[in-house]
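Down below is the structure, laid out as structure tokens.
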Amino acid sequence: MSNKRVIVIGAGFSGLAAAALMAKEGCDVTLLEKNDQPGGRARVWEKDGFRFDMGPSWYWMPDVFENHFALFGKKVSDFYELKRLDPGYRVYFDKEDLIDIPAKIDEIEILFENIEPGSSKKLQSFLAQAETKYKTGMGEYVFKPSHSIAEYFDFDLIKKSFSLQLLTSMSKHVRKYFKHPKLTQLLEFPVLFLGAVPQNTPALYSMMNYADLVLGTWYPMGGMHKIVKAMVSIAEEQGVQIKLDTEVTKINIKNGYVQSVSTNKSDYPADLVIAGADYEYVDQHLIDEPYRNYSKKYWDGRSLSPSCLIWYIGVNKKIESIQHHNLFFDEDFEQHAEDIYSDPKWPQKPLFYVCCTSKTDPTVVPENCENLFFLMPIAPGIEDDEAIRRQYLDLMISRFEKITGEKISENIILKRSYALNDFKADYHSFKGNAYGLANTLKQTAFLKPAMRAKKIKNLLYTGQLTVPGPGVPPAIISGQVAAQEATKYLRNV
Ligand SMILES: Cc1cc2nc3c(=O)[nH]c(=O)nc-3n(C[C@H](O)[C@H](O)[C@H](O)COP(=O)(O)OP(=O)(O)OC[C@H]3O[C@@H](n4cnc5c(N)ncnc54)[C@H](O)[C@@H]3O)c2cc1C
């Protein structure tokens, strides 16, 4: 396929994965990225000796990364050292009321038993079921392009679907096993942070608890952007040409086929395009109306995952009492969820998350300093300005200080905020979403925005707004599936 010109839009994980695989097939691949560095939502910000991963910080599902690198005859260890965090993370319920989640499953069972007598046995069966879901989901479902429901008309798969519990909610499922609010919150946190309230999330997503508690929380030494570096190096080794600062402004279509894409620099002819930029933006802004997959009404009707307010904070002291990942669950979970989903507004009493990679990795800060990443989920589409951001920084710092007993406000020597307006400006993110669509049943598999362009033969979508969904591992898989579909198409033309 050496004469096939493939254009990939967006150097996020999905675009990088798709581009490298298309180049491996022998295509002539150009990857166009509007920003000045690759990685998309996983870019890095460095200043005054501090390094911050700007987006993802939880390295879950290490098998997905290993499998992706193996497609190119590589291993994760060829690119970075992966460290399993122990404890994986800490949850603060109040001052002096916290739990650390150990890496070893038998220690997690003891922890559960201490909180709710009898719960360790229940955890075993909860996780056994979660493992089945993970293995079925990751084995068969996740690699389906989901062009249509027909892909799921397979007796064996239908039988397996029952074990996936698509029609039960995560909230009900968790409460069938556990009563103590600390345990239910702990098991529901992955879905809250990844989009949608547990009441609206299918119990399928308890597979995330298997990823969390059994497969574990890892950290690539140097930071999450090491994954991006590795994927860029693989893509370039395969021959992909990566053009940064190159924004696609139009996809030019004739008679149902993309002819070329226009950018702020020049035009690129294309035999096939894979769009890894935010789906809504490509569909509604880069393509002429008759060729769009969806209407404005369709997009307005989508339920988005939360956006977030992030503060990157450098402090000139060591903070002994926190862990690498810290969840502040000292306020009402339900109220915050309501402020995100049912009645979107800046939250009254938010939960938030603090990541401090310098606890594990001294290379990301100057000596005797720490890098703190405060993240607070917020509703997409709400108002955003510097005054509100500062107000919430003060709120988070005051709760952080009260709960951890660590004073930091006088030690801040670097700070930068990031929220809705930045997501829109940097990634053309629809309503400033951070992680794409919410993981509700109505937005699962073939009910998600389609990977295939319905009215354009040689255009595919990839990334967190299409299948399989949000998160770094799913974005990589999305790129793999798009490349597989693109290869099928090109082999047949
Ligand atoms: C704050 C935050 C925290 C997160 N935490 C985690 C976590 O801990 N663990 C986890 O697994 N996942 C996490 N996620 C989710 C994960 O980061 C994303 O799902 C994933 O990175 C999305 O990859 P993508 O390729 O779909 O899209 P993106 O990363 O958004 O890539 C799309 C690219 O397209 C580019 N682009 C847009 N428009 C154009 C254009 N017109 N021309 C050219 N290029 C264009 C953008 O600049 C961008 O680089 C987090 C996300 C955020 C925002």
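Worth a mention:
- For Lys172 and Ile110, the difference between the fully extended length at 0.36 nm per residue and the C-alpha to C-alpha distance is 19.9 nm.
- Pairs spanning more than 28 Å between alpha-carbon atoms, out of Lys296/Lys457; Lys121/Lys349; Lys297/Lys415: Lys121/Lys349; Lys297/Lys415.
- Computed across segment 267-367, the Kirkwood hydrodynamic radius from all distinct Cα-Cα pairs reaches 18.3 Å.
- Taking all protein chains together and a 1.4 Å probe, the residues His180, His225 rank His180, His225 from largest to smallest accessible area.
- Placing unit charges on the Cβ atoms only, positive for Lys and Arg and negative for Asp and Glu, gives segment 298-414 a dipole magnitude near 300 debye about its Cα centre.
- Seen against the Cα atoms of the chain and their longest principal axis, helix 13-24 is set at about 40 degrees.
- Charged side chains reduced to their Cβ positions (Lys and Arg at +1, Asp and Glu at -1) give the chain a dipole of some 1400 debye around its Cα centre.
- Reachable aspartates and glutamates, given that their alpha-carbon falls under 18 Å from the alpha-carbon of Lys402 and they are not under 8 places away in the same chain: Asp94, Glu96, Asp97, Glu320, Asp330, Glu331, Asp332, Asp394, Glu410
- Area of Asp426 that stays accessible when all protein chains are in place (1.4 Å probe, Å², to 10): 40
- Diffusion constant of segment 314-407 at 10 °C, which comes from Stokes-Einstein with the Kirkwood Cα-pair radius and 1.306 mPa s, µm²/s: 110
- Nearest-10 value in Å² for the accessible area of Val76, using the 1.4 Å probe: 10
- When each of Lys104/Lys133; Lys4/Lys229; Lys24/Lys104; Lys243/Lys359 is checked by Cα-Cα distance, pairs over 28 Å: Lys24/Lys104; Lys243/Lys359
- When all alpha carbon pairs of segment 171-240 are counted in 5 Å bins from zero, the resulting P(r) reads 3, 14, 19, 16, 12, 10, 10, 8, 5, 3, 1 %.
- The three principal axes of the C-alpha atoms in segment 351-491 carry coordinate ranges of 61, 35, 27 Å, sorted with the longest axis first.
- Theoretical gain in end-to-end length, Arg416 to Gln391 [0.36 nm per residue, Cα-Cα removed]: 7.6 nm
- Straight-distance candidates among the lysines for linking to Lys345, with alpha-carbon spacing under 21 Å and chain neighbours fewer than 8 residues away dropped: Lys424, Lys431.
- Kirkwood radius for the chain, taken over all pairs of different Cα atoms as the inverse mean of 1/r, rounds to 23.1 Å.
- Each residue of segment 391-400 was assigned a 3J(HN,Hα) from its phi angle through the Karplus curve 6.51 cos²θ - 1.76 cosθ + 1.60 (θ = phi - 60°); the sequence is 4, 6, 5, 4, 4, 5, 5, 5, 5, 4 Hz, with glycine and proline shown as x.
- The calculated 222 nm mean residue ellipticity attributable to helices in the chain amounts to -9500 deg cm²/dmol, summing -39500 (n - 2.57) over DSSP H runs of n ≥ 4 and dividing by all residues.
- With Cα atoms, 0 to 90° folded angle of helix 105-115 axis to the chain main axis: 50
- Computed with every protein chain present, the accessible area of Glu46 is close to 110 Å² [probe 1.4 Å].
- Degrees separating the helix 472-491 axis from the principal Cα axis of the chain, which is the longest one: 10
The values are calculated or read from the model by the stated rules, or taken from the named source; none is laboratory data. Bear in mind the structure is a predicted one, so any value in this text is a computation, not a measurement. Neighbour counts run over all protein chains shown; Cβ positions are idealised from the backbone, glycine included. For the accessible areas, the whole protein counts, side chains as well, though only heavy atoms, and no ligand, DNA or RNA atoms are used. Shrake-Rupley method; radii C 1.70, N 1.55, O 1.52, S 1.80 Å.
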